[in-house]
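What follows is a short report on a single structure.
Each reported figure results from applying straightforward, stated rules to the coordinates on display, with no laboratory input. All values derive from a computational prediction rather than experimental measurement. Using ideal geometry, Cβ is built from the backbone for each residue, glycine included, and neighbour counts are taken over all protein chains shown.
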Amino acid sequence: MNYDVIIIGGSYAGLAAGLQLARARRRVLVEDAGMRRNRFAGASHGFLTQDGTPAAEIAARGRSQLMAYDNVEWLPGEATHAEAAEMGFRITVAAAGREATGRRLVLALGVRDELPNIPGLEERWGRSVFHCPYCHGYELDRGRIGVLATSPKSLHHALMLPDWGPTTFFLNEAFTPDAGQTEQLRSRGITVVDGPVGRLEGDGVTLVMGDGRVFPLEGLFTLPRTSVASPVAAQLGCAFDEGPMGSFIRTDAVKATTVPGVFACGDAARMAGSVSLAVGDGALAGAAAHQSLIFGS
């Protein structure tokens, strides 16, 4: 089946891109593997008009609104391959036994979070362990906050958090602050705890050090490494940039990648992201993909 635009990824950025293209009366295919990055979070915060709304509800409502347009088709499954084709691009969704071609591609691939290997952390991810203070800091109600270091870049993370509550910085042998950094931490009122972290436990999050010290917390923040959640951007030859959390797809001001005819948006195409940034990114990428069909790119 031939489409004007194929969107790989049906979360917030992909849905927003699709809506622009649907309203431009283009034939659109949205392929979605069903793995939203924020699927573990109960609610989305900081998104104007949707603050506090369950994240899954926002995604479901967005899909319902998009699929009300009869020029949009939804294809569940993971795109396992993408390549240039005579009339644009071809994608393969092996589990669905489908191939499809489109004149343009929009990559809304999302990212995978590579979490620190601390017992008890993974099952608390998105519930009492977070990475974004703007998304989750306010709800901790100025309670005790921890920051788990994963690299020297965690210093920036730690210096931000006191605006949301009294902060303890757990170095976990990830790095040792120098004299200047130690003074920065002191000036922000941050308690620094050295030594390896043993585990997380409790209904909320209680951090237990390797030597047995116990720190009850209202929330714990950490910077995971991220990786683009699909190989298709690399298969197509898109260039990547390196950000503080991991590599992401390089795009220009209108979300065009280094491969003509391919656009990228959302967390996979930013240094860091949120639902509101993903929606804005997707709207821009969708409009740019549409205009490229008219004016070329």
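Distance in nm between label sites at VAL214 and MET160, each 7 Å beyond Cα in the beta-carbon direction? For the pair VAL214/MET160, the computed spacing is 3.1 nm. Diffusion coefficient of the range 253-296 by Stokes-Einstein, Kirkwood radius over Cα pairs, 4 °C, 1.567 mPa s: 123 µm²/s. Note on the range 116-222: antiparallel DSSP beta bridges, both residues inside, total approximately 35 percent of the bridges counted. Here the spin labels are modelled as points 7 Å beyond Cα on the Cα-Cβ line, and at ALA85 and THR53 they lie 3.4 nm apart. Within the chain, the selection of entire DSSP H helices by a Cα span of 15 Å or greater along the long axis and an average Kyte-Doolittle value of at least 1.0 returns 275-295. When cysteine pairs in the chain are screened for C-beta atoms closer than 4.7 angstrom, the residues that find no partner are CYS238, CYS265. If you wrap the Cα atoms of the range 129-193 in a convex hull and average its projected area over all directions, you get 3.9 nm². Comparing ILE249, ILE145, ILE118 in a Gaussian network model of the chain, where Cα atoms under 10 Å apart are tied by springs, the biggest mean-square fluctuation is seen for ILE118. Measure out, as a whole number of angstrom, how far apart the alpha-carbon centroids of the range 1-21 and the range 141-210 sit. Comparing the Cα centres of the range 1-21 and the range 141-210, I get a distance of 40 Å. The DSSP beta bridges internal to the chain are antiparallel in roughly 45% of cases. Summarising the label geometry, the points placed 7 Å from Cα in the beta-carbon direction at VAL193 and GLN65 lie 4.3 nm from one another.
With +1 assigned to the C-beta of every Lys and Arg and -1 to the C-beta of every Asp and Glu, and no other charges, what is the dipole magnitude of the chain about the Cα centre in debye, to the nearest 20?
Working: 27 positive and 31 negative charges, 134 e Å.
The calculation lands at about 640 debye.
Size of the chain: Rg and Dmax of its alpha carbons, in Å, are 21.0, 65.
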